[in-house]
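Enquirer: Once you've had a glance at the structure underneath, I'll fire off some questions.
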Amino acid sequence: MKKLAAITLTSMMLVLATAMVVGAQVQSVDIRGAVAGTINGQSNLVDNSFTWNPQTFAGFYYDIKKDLGTENLKFALSGDDGKKLSGDAPYGITYTTTAQGKAFERALWGSYKVMGFQAEKYFAGYTQGDTEQDGSNIFYAESTDKNSLSNEQLEKILMDSKDEMTVTSGTPLKLQEGYELGIKSIDIDGNKVYLELSKDGQVVDSKVVSPSKDNANELDKTYYYKNPKVGEQTKLVTVGVHFKNAFRGSDQNLASIDGIWQISDAPTEVKADTQYDKMTIRSVDANAGVITMDNKDNSVTLSKNKDTTLTGGIKIKTADNDTLRFYIYKTITDPGDYQIRGAVAGTVSGASNLVDNSFTWDPQKFAGFYYDIKKDLGNENLKFALSGDDGKKLSGDAPYGITYTTTAQGKAFERALWGSYKVMGFQAEKYFAGYTQGDTEQDGSNIFYAESTDKNSLSDEQLEKILIDSKDEMTVTSGTPLKLQEGYELGIKSIDIDGNKVYVELSKDGQVVDSKVVSPSRDGATELDKTYYYKNPTVGSQNKLVTVGVHFKNAFRGSDQNLASVDGIWQISDAPTEVKADTQYDKMTIRSVDANAGVITMDNKDNSVTLSKNKDTTLMPGVNIKTADNDTLRFYIYKPVTIAGAAPAAEAAPANVTAEAAPAAVAAPAAVAAPAAEAAPAAANVTAAANKTAAPAAEKKQPGFEGVFAIAGLLAVAYLVLGRRE
């Protein structure tokens, strides 16, 4: 019984630990580039032009280990209003990208040409390298058409890994695009392994490898598939698997592999004059490995509040503002774990970009930080000041190696008649810092300020996440309550016969917490008459804080059900984030909170960080540090994001398979991505604010401490019951 109790206790502790570390998931993320136009009151255009590269747009391909990535997109503005990207020479939009040599993760295989194209990572051809001894450069030697650019095409890189794993005769190695590699038989001494490659269940190739024979070389140990036809290329190696050893067992055979390579067999055409949305390929130089594009015959005008597809997955977003402000972005929807990457610091393109051994990220250099393009809001600032004999230390003593500041800013509600509030980016998330009185309270505006007792969250040393801020119009009925976040629902209970009075109830997790009458249709109705608001009794240390607001445009009593239209929704979290001085978040500690000025400062006191190579360090919630697997110092900060539907954590991608789709048996992809803004309501067709920077379609609720305590309670009960039985 003691053993049973111990097993039960251990199992439940594992469940508890899992519940505590599971994070929020989103349905999609936008990779945002640096913002161009008028920022902080000044234009950052140079000669009416702005250029993005892998440093200013994390959507472009970049390899931190080898400092690879050359995509370059330039906007040259013209026209009387300076908002036109001409489709005539000289073109308003030009794009260039160049192929670069890259060693396989399994270096003994040699190298290949990698190329970023339209913000995707592609294979451009195999390279011969300096030597072919010991069977290296196999894929170059075995491919007939080695240079994809010579055939005016590219192939997506699906897998490049050196991670070790074991496969058996009963579980084939699952690759991408329907391919599987299965062990059919192994001879008694393990010298010969007979393999079959299938696609969509049909065998397409078979081969024998000899990983365990004496003096086996790379060729002996490597399975490769010479694809007969890949677009215009013939006999191109698209799959390679390196076998470390093999073993014949009594019930099944097994082998260990330590190298996987796969490129797509569905190539992307890059012929001259091929048009992709607004962009056309102007030239392809297979020898130099260069592709150029422009927007010939496709002029683009950067009108306000416009979303334009430029090419491939790249789009242009302009601010809903008369002041010109815009950025490029790319949307990712494939399930997986992604990185919202900041600009890379250290030695980039052969030169150091550190200034006095320091580097600073703000919303322009790190898309993970909160930014509102409509109002040009967002000011998080993170500075690294390096010291030490090797220049790789971020000191935990004064003067601190890491400092962070953020300031609250005034922002109008999407439904402007509600007035305004203080918004604050904090640890790469968007927060509410307090309601503001505004210039006037006439006609019932500034309701939430007037009705809240503790109006300034920073005065109580806390912040609340902004869940919804929307002015989108929608219809709700008595049979379908308005679903909000964190378990809240607002339901119509009754409407009087002329539609003047609407009785509504707010519930959380099925329990009614508030009720109120609004009068949207009566003559001379004010904002106050039309607005339902919930004055939450206690939110952390704040009392009577309005956390939910819904504006009713009108109401109607029907014969079978009542309905109303709403055109404003506001919600902040009722689970605040503590920002008290001396509160520690991983490596960072809050140094001061100035509620009047609306400023929070943090540093890494007593937590020095050394930027050793190939290291991933959690700096503070939502912000990590990644260093290159290279003796040359190169690093960036990033925010991890998971898109819903990803493989379980046990199948997550290894760090060196970043931005590539891995075989199901090996890994899920990792990549760079843009920030996730507040989630839209889970139902009732409510969309999040139109001016947010990088909006996920939805966000699953994170497990809260309620769940943790519930699991802990079950753990205790189980332990006591088992003990009593004993």
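The values are calculated or read from the model by the stated rules, or taken from the named source; none is laboratory data. Bear in mind the structure is a predicted one, so any value in this text is a computation, not a measurement. Every residue, glycine as well, gets a Cβ built from its backbone with ideal geometry; the counts of neighbours run over all protein chains shown.
Enquirer: May I ask you to list the residues in the stretch 60-74 that are closer than 24 Å to residue 295 by Cα, free of Cβ contacts under 8 Å to residues at least 60 places away in the same chain and outside any loop (DSSP other than H, G, I, E, B)? Lay out the reasoning, then the answer.
Expert: First pass over the stretch 60-74, keeping only residues closer than 24 Å to residue 295 by Cα: 60-61, 69-74.
Among the residues that remain, those that are also free of Cβ contacts under 8 Å to residues at least 60 places away in the same chain are: 60, 69-72, 74.
Residues satisfying the conditions are 72, 74.
Enquirer: Has the stretch 436-454 got at least one residue that is of a type outside the set (D, E, K, R), surrounded by 19 or more Cβ atoms within 10 Å (Cβ to Cβ) and in a strand (DSSP E or B)?
Expert: Our first condition is that a residue be of a type outside the set (D, E, K, R); within the stretch 436-454, this holds for 436-438, 440, 442, 444-450, 452-453.
Now restrict to residues that are surrounded by 19 or more Cβ atoms within 10 Å (Cβ to Cβ): 436, 445-449, 452.
Cutting the leftovers down to in a strand (DSSP E or B) gives us 436.
Scanning the stretch 436-454 turns up at least one residue that is of a type outside the set (D, E, K, R), surrounded by 19 or more Cβ atoms within 10 Å (Cβ to Cβ) and in a strand (DSSP E or B).
Enquirer: Check whether at least one residue in the stretch 154-174 is touching a helix residue (DSSP H, G or I) at 6+ places or on another chain (Cβ under 9 Å), of a type in the set (Val, Ile, Thr) and modelled with pLDDT of 95 or more, and report yes or no.
Expert: Restricting attention to the stretch 154-174, the residues satisfying the condition of being touching a helix residue (DSSP H, G or I) at 6+ places or on another chain (Cβ under 9 Å) are 154-155, 159-163.
Now narrow it down to the ones that are of a type in the set (Val, Ile, Thr): none.
So far as the stretch 154-174 goes, no, none of its residues is touching a helix residue (DSSP H, G or I) at 6+ places or on another chain (Cβ under 9 Å), of a type in the set (Val, Ile, Thr) and modelled with pLDDT of 95 or more.
Enquirer: Checking the conditions here, which among 253, 245 is surrounded by 20 or more Cβ atoms within 10 Å (Cβ to Cβ), of a type in the set (S, T, N, Q) and assigned by TED's automatic domain parsing to the domain that holds residue 125? It would help to see each step written out before you state the result.
Expert: On the way: 245 fails: surrounded by 20 or more Cβ atoms within 10 Å (Cβ to Cβ).
Only one candidate qualifies: 253.
Enquirer: Ok, one more. Every residue in the stretch 535-553 that is buried (at least 22 other Cβ atoms within 10 Å of the Cβ), farther than 18 Å from residue 422 by Cβ and touching a helix residue (DSSP H, G or I) at 6+ places or on another chain (Cβ under 8 Å), please.
Expert: Correct list: 551, 552.
Enquirer: Taking residue 213, is it assigned to a loop (DSSP other than H, G, I, E, B), touching a helix residue (DSSP H, G or I) at 6+ places or on another chain (Cβ under 9 Å), in contact (Cβ under 8 Å) with a residue 12 or more places away in the chain and of a type in the set (D, E, K, R)?
Expert: Details: assigned to a loop (DSSP other than H, G, I, E, B): yes; touching a helix residue (DSSP H, G or I) at 6+ places or on another chain (Cβ under 9 Å): yes; in contact (Cβ under 8 Å) with a residue 12 or more places away in the chain: yes; of a type in the set (D, E, K, R): yes.
The answer is yes for residue 213.
Enquirer: Here's a follow-up. Output the residues belonging to the stretch 389-418 that are in a loop (DSSP other than H, G, I, E, B) and basic (Lys, Arg). Working first, answer last.
Expert: Keep residues of the stretch 389-418 that are in a loop (DSSP other than H, G, I, E, B), which gives 389-392, 395-401, 408, 413-415.
392, 415 - these are the residues of the stretch 389-418 that are in a loop (DSSP other than H, G, I, E, B) and basic (Lys, Arg).
Enquirer: Filter the stretch 283-308 down to the residues that are hydrophobic (A, V, I, L, M, F, W, C) and assigned to a loop (DSSP other than H, G, I, E, B), then identify the one that is surrounded by the most Cβ atoms within 10 Å (Cβ to Cβ).
Expert: First, the residues of the stretch 283-308 that are hydrophobic (A, V, I, L, M, F, W, C): 284, 286, 288, 290-291, 293, 300, 302.
Of the ones still in play, those that are also assigned to a loop (DSSP other than H, G, I, E, B) are 286, 288, 302.
Details: 286: 17, 288: 10, 302: 24.
Here the residue is 302.
Enquirer: Consider residue 370 carefully, then state whether it is under 25 Å from residue 304 (Cβ atoms), in a strand (DSSP E or B), touching a residue at least 12 places away in the same chain (Cβ under 8 Å) and touching a strand residue (DSSP E or B) at 6+ places or on another chain (Cβ under 9 Å). Steps first, answer last, please.
Expert: Values: under 25 Å from residue 304 (Cβ atoms): yes; in a strand (DSSP E or B): no; touching a residue at least 12 places away in the same chain (Cβ under 8 Å): yes; touching a strand residue (DSSP E or B) at 6+ places or on another chain (Cβ under 9 Å): yes.
In short, no.
Enquirer: Of the residues that make up the stretch 67-77, is at least one assigned by TED's automatic domain parsing to the domain that holds residue 220, under 28 Å from residue 325 (Cβ atoms) and surrounded by 20 or more Cβ atoms within 10 Å (Cβ to Cβ)?
Expert: Kept after step one, since they are assigned by TED's automatic domain parsing to the domain that holds residue 220, are these residues of the stretch 67-77: none.
Looking through the stretch 67-77, none of the residues is assigned by TED's automatic domain parsing to the domain that holds residue 220, under 28 Å from residue 325 (Cβ atoms) and surrounded by 20 or more Cβ atoms within 10 Å (Cβ to Cβ).
Enquirer: Residue check, residue 143 against (1) in contact with a Leu (Cβ under 6 Å, 6 or more places away or on another chain); (2) not assigned by TED's automatic domain parsing to the domain that holds residue 244, all met but one. Which one?
Expert: (2)
Enquirer: Kindly indicate the residue of the stretch 168-197 that is farther than 26 Å from residue 250 by Cβ and in contact with an Asp or Glu (Cβ under 6 Å, 6 or more places away or on another chain) and also surrounded by the fewest Cβ atoms within 10 Å (Cβ to Cβ) among those meeting that condition.
Expert: So in the stretch 168-197, the residues farther than 26 Å from residue 250 by Cβ come out as 175-179, 197.
Now narrow it down to the ones that are in contact with an Asp or Glu (Cβ under 6 Å, 6 or more places away or on another chain): 178, 197.
Details: 178: 12, 197: 21.
Here the answer is 178.
Enquirer: What's the total number of residues in the stretch 498-514 that are assigned to a strand (DSSP E or B) and not aromatic (Phe, Trp, Tyr)? Step through it out loud before you land on a result.
Expert: So the first thing to find is which residues in the stretch 498-514 are assigned to a strand (DSSP E or B), and the list is 502-508, 511-514.
If we keep only those that are not aromatic (Phe, Trp, Tyr) too, we end up with 502, 504-508, 511-514.
Counting residues in the stretch 498-514 that are assigned to a strand (DSSP E or B) and not aromatic (Phe, Trp, Tyr) gives 10.
Condition check ((1) assigned by TED's automatic domain parsing to the domain that holds residue 149; (2) more than 23 Å from residue 120 (Cα to Cα); (3) under 24 Å from the mean Cα position of the chain (by Cα)) across all residues:
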| site | (1), (2), (3) |
| --- | --- |
| 259 | yes, no, no |
| 282 | no, no, no |
| 288 | no, no, no |
| 293 | no, no, no |
| 309 | no, no, yes |
| 312 | no, no, yes |
| 316 | no, no, yes |
| 319 | no, yes, yes |
| 323 | no, yes, no |
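Enquirer: Is it the case that the stretch 482-497 has a residue that's in a strand (DSSP E or B), touching a residue at least 60 places away in the same chain (Cβ under 8 Å) and among the hydroxyl-bearing types (Ser, Thr, Tyr)?
Expert: First, pick out the residues of the stretch 482-497 that are in a strand (DSSP E or B): 482-483, 488-495.
Narrowing further to those that are touching a residue at least 60 places away in the same chain (Cβ under 8 Å): 482-483, 488, 490, 492, 494-495.
Imposing the further condition that a residue be among the hydroxyl-bearing types (Ser, Thr, Tyr) reduces the set to 488, 494.
Yes, the stretch 482-497 has at least one match.
Enquirer: Within the stretch 216-239, identify whether any single residue is assigned to a loop (DSSP other than H, G, I, E, B), farther than 30 Å from residue 309 by Cα, of a type in the set (Asp, Glu) and in the same structural domain as residue 122 (by TED's automatic domain parsing), and answer yes or no.
Expert: For the stretch 216-239, residues assigned to a loop (DSSP other than H, G, I, E, B), farther than 30 Å from residue 309 by Cα, of a type in the set (Asp, Glu) and in the same structural domain as residue 122 (by TED's automatic domain parsing): absent.
Enquirer: Can you find a residue in the stretch 462-485 that is surrounded by fewer than 23 Cβ atoms within 10 Å (Cβ to Cβ), touching a helix residue (DSSP H, G or I) at 6+ places or on another chain (Cβ under 8 Å) and at pLDDT below 95?
Expert: no
Enquirer: Pairs under 7 Å by beta carbon, first residue within 30 Å of residue 474 (Cβ to Cβ) and assigned by TED's automatic domain parsing to the domain that holds residue 472 in the stretch 557-585, partner in a loop (DSSP other than H, G, I, E, B) and aromatic (Phe, Trp, Tyr), six or more apart or different chains?
Expert: Qualifying pairs under 7 Å: 570/413.
Enquirer: Evaluate the stretch 386-406: report whether one residue or more is outside the structural domain of residue 531 (by TED's automatic domain parsing) and of a type in the set (Lys, Arg).
Expert: Within the stretch 386-406, one or more residues are outside the structural domain of residue 531 (by TED's automatic domain parsing) and of a type in the set (Lys, Arg).
Enquirer: Right, next: Of all strands (runs of 3 or more DSSP E) completely enclosed by the stretch 581-648, which ones contain at least 2 residues that are more than 25 Å from the chain's Cα centre (by Cα), surrounded by fewer than 19 Cβ atoms within 10 Å (Cβ to Cβ) and of a type outside the set (A, V, I, L, M, F, W, C)? Full working, then the answer.
Expert: On the way: elements: 588-594, 599-603, 616-620, 623-627, 634-643.
So the answer is 588-594.
Enquirer: How do the pairs read when you match residues in the stretch 376-387 that are under 18 Å from residue 425 (Cβ atoms) with residues anywhere that are assigned to a loop (DSSP other than H, G, I, E, B) and charged (D, E, K, R), using Cβ under 9 Å and keeping only pairs 6 or more apart or on different chains?
Expert: So the pair list comes out as 378/362; 379/362; 380/362; 381/362; 382/362.
Enquirer: Another question, if that's okay. In the stretch 536-564, what count of residues is obtained for those that are part of a strand (DSSP E or B) and under 34 Å from the mean Cα position of the chain (by Cα)? Let's see the steps before the verdict.
Expert: Just the residues of the stretch 536-564 that are part of a strand (DSSP E or B), to begin with: 536-539, 542-557, 562-564.
When the remaining residues are screened for being under 34 Å from the mean Cα position of the chain (by Cα), the result is 536, 538-539, 542, 545-551.
Count: 11.
Enquirer: Now, a different point. Scan 280, 268 and give me the residue that is under 18 Å from residue 145 (Cβ atoms) and either of a type outside the set (Asp, Glu) or surrounded by fewer than 23 Cβ atoms within 10 Å (Cβ to Cβ) (or both).
Expert: On the way: 280 fails: under 18 Å from residue 145 (Cβ atoms).
Going through 280, 268 in turn, the sole match is 268.
Enquirer: Let me ask something additional. Could you check the stretch 564-583 and list, in sequence order, the residues that are of a type in the set (A, V, I, L, M, F, W, C) and farther than 19 Å from residue 430 by Cβ?
Expert: If we filter the stretch 564-583 for residues that are of a type in the set (A, V, I, L, M, F, W, C), which is where we start, we get 564, 566, 569-570, 572, 575, 579, 581.
Passing the criteria: 564, 566, 581.
Enquirer: State all residues of the stretch 322-345 that are among the charged types (D, E, K, R) and surrounded by 19 or more Cβ atoms within 10 Å (Cβ to Cβ); if no residue qualifies, say none. Even if it seems obvious, please write down each step before you answer.
Expert: So the first thing to find is which residues in the stretch 322-345 are among the charged types (D, E, K, R), and the list is 322, 325, 330, 334, 337, 341.
Answer for the stretch 322-345, where residues must be among the charged types (D, E, K, R) and surrounded by 19 or more Cβ atoms within 10 Å (Cβ to Cβ): 325, 330, 337, 341.
Enquirer: In addition: Name the single residue that is farthest from residue 481 (Cα to Cα) among those in the stretch 522-556 being free of Cβ contacts under 8 Å to residues at least 60 places away in the same chain and among the hydrophobic types (A, V, I, L, M, F, W, C).
Expert: 525
Enquirer: To continue, here is another question. The conditions are (1) free of Cβ contacts under 8 Å to residues at least 12 places away in the same chain; (2) part of a strand (DSSP E or B), and residue 273 fails exactly one of them. Which is it?
Expert: Looking at each condition in turn, residue 273 falls short on (2).
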